[in-house]
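Undergrad: To start, I am sharing the structure in question, which I have written as structure tokens.
The values are calculated or read from the model by the stated rules, or taken from the named source; none is laboratory data. This structure is a prediction, so every number in the text was calculated from the model and none was measured. Here the Cβ is made from the backbone with ideal geometry for all residues, glycine too, and neighbour counts use every protein chain on show.
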Amino acid sequence: MSARHLAVSLGDRSYGIDIGAGLIDDPARFAPHVGGRVAAIVTNETVAPLYAARLEGTLERAGAKALRVVLPDGEEHKTWRTLDRVFEALLEARVGRSGVVVALGGGVVGDIAGFAAASYQRGIAHLQVPTTLLAQVDSSVGGKTAINHPLGKNMIGAFHQPVAVVADTATLATLPPREYAAGLAEIVKYGAIFDVAFLGWIEAHADGLLAREPQALAHAILRSCEIKADIVARDERESGARALLNFGHTFGHAIESAAGYGTLLHGEAVAIGMAMAARFSARLGRIPAMDSERLERLLARLGLPVEAPRFPVETWLEYMGRDKKNEGGRITLILLDAMGRGAVVKDASARALREFLEEAAG
């Protein structure tokens, strides 16, 4: 089975990303990481009926003893209680430190499984098998793991790099349209902050991406992973350049927290957040208004929302004030200095931000 291979270069924590169709059925992709070990597949109620049995068979052919942990589906279940279900299953099966957790699903599954692996017996290996577009281009790569708290999204977690990422693009065929569009938001993000030529390519191939044309999709996933792998290799723990990957997320995480987890998909909230960040960048004179409008048009064309929910200003500021990037009581924003060039902004005018949010609040 042919696949494209990328490397995330992190010294002794380096690993590969394999991208291609049919990889979930290829034991050779998994054998180096699971052979002779217990492999705990962490998945959810939606994905399990589609792919869990197939992956179990593949892992067993790769020399592993497989077990399955099925979680409820949805962002609202990214909690301590759900995380504990993984710990309970690992303990009941007497999985030791040689065990490996295999995340089969989207971003929520990947985050919970990765955090469980980071914590169980002070850390065991985990492997990511992302089945959503958003997970394949973003959340499965880079080692961020977390659960949510009512007071803030992804506030409890750990950096824990996977031993491998196996992205089977054939699994995207079963993805509902709304979930698929949510993944397109993260693809747009990479063009907006890092590669204006890629942004232009997305605009030119928007129809093909919406139609899930294999060639267009393969290129979009590959280029997104290339960009993220490069940034993560330079800044694993988000002390500098990696913060750019949060473009749209400061506003977006506030939206998810304030609206209630699961009301909007993560990619939908990020799309709104990117539109807001671009508008605010234009308001501050960092980019022309026409660039902000260009980004909004592309997001809307891909079936994504761009209008902010009408929360009170204090609600916006409360949740944005808890963002992990903040320093010294000031809100850190990821804005644009040009299309294809993001900027980490720690000194944005508090007054200008409040006025901007007052307008968004209507």
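Undergrad: Please find, among Glu314, Glu327, Glu358, Glu296, the residue that is surrounded by fewer than 14 Cβ atoms within 10 Å (Cβ to Cβ) and in contact with a helix residue (DSSP H, G or I) (Cβ under 8 Å, 6 or more places away or on another chain).
TA: After applying the criteria, what remains is Glu358.
Yes or no, residue by residue, for (1) closer than 22 Å to Pro150 by Cβ; (2) in the same structural domain as Trp201 (by TED's automatic domain parsing); (3) assigned to a loop (DSSP other than H, G, I, E, B):
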{"position": "Gly285", "(1), (2), (3)": "no, yes, yes"}
{"position": "Met290", "(1), (2), (3)": "no, yes, no"}
{"position": "Glu293", "(1), (2), (3)": "no, yes, no"}
{"position": "Arg297", "(1), (2), (3)": "no, yes, no"}
{"position": "Ala308", "(1), (2), (3)": "yes, yes, yes"}
{"position": "Phe311", "(1), (2), (3)": "yes, yes, yes"}
{"position": "Leu317", "(1), (2), (3)": "yes, yes, no"}
{"position": "Leu336", "(1), (2), (3)": "no, yes, no"}
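Yes or no, residue by residue, for (1) modelled with pLDDT of 95 or more; (2) in contact with a Lys or Arg (Cβ under 8 Å, 6 or more places away or on another chain); (3) in the same structural domain as Glu75 (by TED's automatic domain parsing); (4) not polar (S, T, N, Q):
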| position | (1), (2), (3), (4) |
| --- | --- |
| Gly152 | no, yes, yes, yes |
| Gly157 | yes, yes, yes, yes |
| Ala164 | yes, yes, yes, yes |
| Ala185 | yes, no, no, yes |
| Tyr190 | yes, yes, no, yes |
| Ala197 | yes, no, no, yes |
| Ile202 | yes, no, no, yes |
| Ala218 | no, yes, no, yes |
| Glu236 | no, yes, no, yes |
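Undergrad: Residues that are within 18 Å of Glu307 (Cα to Cα): find the helices (runs of 4 or more DSSP H) completely inside the range 161-268 holding 1 or more of those.
TA: Those helices (runs of 4 or more DSSP H) span 177-194, 249-259.
Undergrad: Can I ask one more? If Ala164 meets every condition in (1) within 22 Å of Val270 (Cα to Cα); (2) in contact with a helix residue (DSSP H, G or I) (Cβ under 9 Å, 6 or more places away or on another chain) apart from one, which number is that one?
TA: Just one mismatch for Ala164, condition (1).
Undergrad: Now for a different question. State which residue pairs qualify: first residue β-branched (Val, Ile, Thr) and inside the range 337-362, second residue loosely packed, with under 15 Cβ neighbours inside 10 Å in any location, beta carbons under 8 Å apart, and separation of 6 or more residues or different chains.
TA: Listed by first residue and then by second, the contacts come to Val344/Gly240.
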